[in-house]
Structures are given as C-alpha cells and as structure tokens.
Amino acid sequence: MRWAKLAAILSIGALFFGLIVLVHLWITLLKLPNRWEIISRLTNTFAFLLRTILNIKVRLAGDAGQIEQGDTIIISNHLSYVDGIVLGSIFPVVFVSKREVKKWPVIGLWTALCGTIFINRQKKDQVRLLVVEMRKTLKEGANILLFPEGRATNGERMLPFQTAPLAAPLRNRSIIVPVNVVYKSIDDKPVSNRNRDLIYCYDEMDFVPHFWKLLSVRSIEAIVTVQPKIDCCRYEDNSAGRKKLAQDCYNRVLGRVINVDRRQEDKRM
C-alpha cells in the first residue's frame, strides 16, 4: 500500500510540477497580474488530490465563505505538515514556511514554484523582508496560510502567536480568518498519545521517515473549524496593535469567540 501511494503521489507531483512551470511561463509572457492567485488555485487542486490519496476525510465546520474574496490571511494551530495538505486542499493559499524547507531536494524547488514565502526565524532582521513579501502576495489577490505558533507541537497546548508576521495583514488592512484543525481518528481509532505521531510531526522529527510512516495509515479523519473573521482595520498599526491582534487571533483559533468589533467600538466611545 505504501509503494502504491508513493507512486501515485510522485506521478501527480511530476504532472503538476510541469503544469506549474508552464503556467509561470504563460503568466510571464502575457504579463498577467495576480500570479500567485492563479498558482494558488493549482496547488489547491494538487493538495486535494494528495489528500485523496492519503485518504484524509475532512469535515468542515463554520463559514468557509469568508475566504472567497482573496487577500485573506488564514491562521491556524499547527501540528504537522499534514495541516498544510488539509487546509491547502480546502482553500487556495500561498504558504509561509521555515527557510529550511527551501533546501529540501525536489520539495524545496516545488514549494518555491508555488510561491511559498520562506521565513528565517534565526535572523530577526529579516522579518521586514517577510512582511514585504506577504504584503506583495496579498496585493496580488492571493490568500496566505500562516501558522503563527512558528512551529508544530504535539497538540497538548497551543504556543503563543508570534506578532511580527501579523504586521503584513495589519498594514494591508486585510481580513484574518482563524481556523482550528483537529485530527479525530487514525484507522478508525481515536487519536491519542499512542498513535498521534503517525500524523503529528513536531520538534526534531525528520520529514522523510515520518512521511514513510504516514503512507502506512489507511485513513485519517479531521475536523476543520472556520472561526469568525477578524478585520485588521480595527487595530492600530504599531507594536501594541500587533500584540492585541495576536492575542485575539489566538483566542479565536481556540474557539474563544470574543466580540472584537464591539470591544473596539466601546473603546472609541
């Protein structure tokens, strides 16, 4: 079963790799705008096919229509690279990923062609470049998927959200749509401490051996809950505004729905 899944993924991956290269050339020759919006729709289809091969069944809760307009930041809790497959199969997005992924054989080139915005967390002076790239992508009408925790966890708790990347939606006055990803079952058994690492990939786990284990899984059930959106127009574009936005996003992802709009109005009165 593993080899059959791997063969299917490699075949589809090669097909989409060539297709994305051709689309890039087509966009360049015709000087079309919104390059990353177009590319994100292709990666959305690829992620859906990848999810199908891995037999990940997703139940969507909440109002996904909030994301249809584009120029939206989707933020989520982070448990594994599988989150990207799940969310990327539902929404057309451009990913934000750690810089190390760019150096991975084949995958690095693939993610670069898909418009992935790479972040170097070791060098804080490069945060400004990250914000510039995110703002540029948003202006092209594409959605961005961001994991504000900065790294994947084992699911026991959600890490505080980093504030620096939120400067981009704040300055663009974008809409942020928080979502929450929960994995309910693996091979029809509830996710627990015993089996969670078949899906969760965190800390120092290596991608290749983990992905090989993932291929042995027959089925996965996940629930994606789309929380009420947050309008960045209601926050000040400064350090205090970013911190408040990060905290409100954190609460929304956890399902602690607060009336941000009403609170901001009360503050102005």
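The values are calculated or read from the model by the stated rules, or taken from the named source; none is laboratory data. On a predicted model such as this, the values are computed, not experimentally measured, just so you know. Reconstructed Cβ throughout: ideal geometry from the backbone, glycine too, with neighbour counts over all protein chains shown. Calculation scope for accessible area: heavy atoms of the full protein, side chains included, ligands and nucleic acids excluded. Shrake-Rupley method; radii C 1.70, N 1.55, O 1.52, S 1.80 Å.
Only one of the listed residues (I67, I107, I53) is open to solvent by 50 Å² or more (accessible area, probe 1.4 Å) and not charged (D, E, K, R). That residue is I107.
Once region 1-23 is narrowed to residues that are open to solvent by 30 Å² or more (accessible area, probe 1.4 Å) and in contact (Cβ under 8 Å) with a residue 40 or more places away in the chain, the residue that is farthest from V217 (Cα to Cα) is V21.
Is it true that some residue in region 230-239 is more than 22 Å from the chain's Cα centre (by Cα), polar (S, T, N, Q), in a loop (DSSP other than H, G, I, E, B) and at pLDDT 95 or above? The answer is no; no qualifying residue exists.
Here L30 fulfils each of the conditions (1) modelled with pLDDT of 95 or more; (2) more than 28 Å from P160 (Cβ to Cβ) apart from (1). Of the residues making up region 171-184, at least one is in a strand (DSSP E or B), in contact (Cβ under 8 Å) with a residue 24 or more places away in the chain, out of contact with any helix residue (DSSP H, G or I) (no Cβ under 6 Å at 6 or more places or on another chain) and open to solvent by 40 Å² or more (accessible area, probe 1.4 Å). Taken over region 251-268, the residue count meeting the criterion of being modelled with pLDDT of 90 or more and touching a Pro at 6+ places or on another chain (Cβ under 7 Å) is 2.
The residues on offer are S76, S80, and the sole one that is in contact with a Pro (Cβ under 8 Å, 6 or more places away or on another chain) and crowded, with 21+ Cβ neighbours inside 10 Å is S76. Within the set T163, T137, the sole residue that is polar (S, T, N, Q) and out of contact with any Leu (no Cβ under 9 Å at 6 or more places or on another chain) turns out to be T137. Whenever a residue of region 192-213 is closer than 20 Å to E156 by Cβ and at pLDDT 95 or above, its partners that are open to solvent by 70 Å² or more (accessible area, probe 1.4 Å) and charged (D, E, K, R), lying with C-beta atoms within less than 7 angstrom and at least six residues away or across chains, give the pairs N195/K189; L198/K213. Here the condition is being in a helix (DSSP H, G or I) and either surrounded by fewer than 17 Cβ atoms within 10 Å (Cβ to Cβ) or of a type in the set (D, E) (or both); of L159, L129, L138, L87, it holds for L129 alone.
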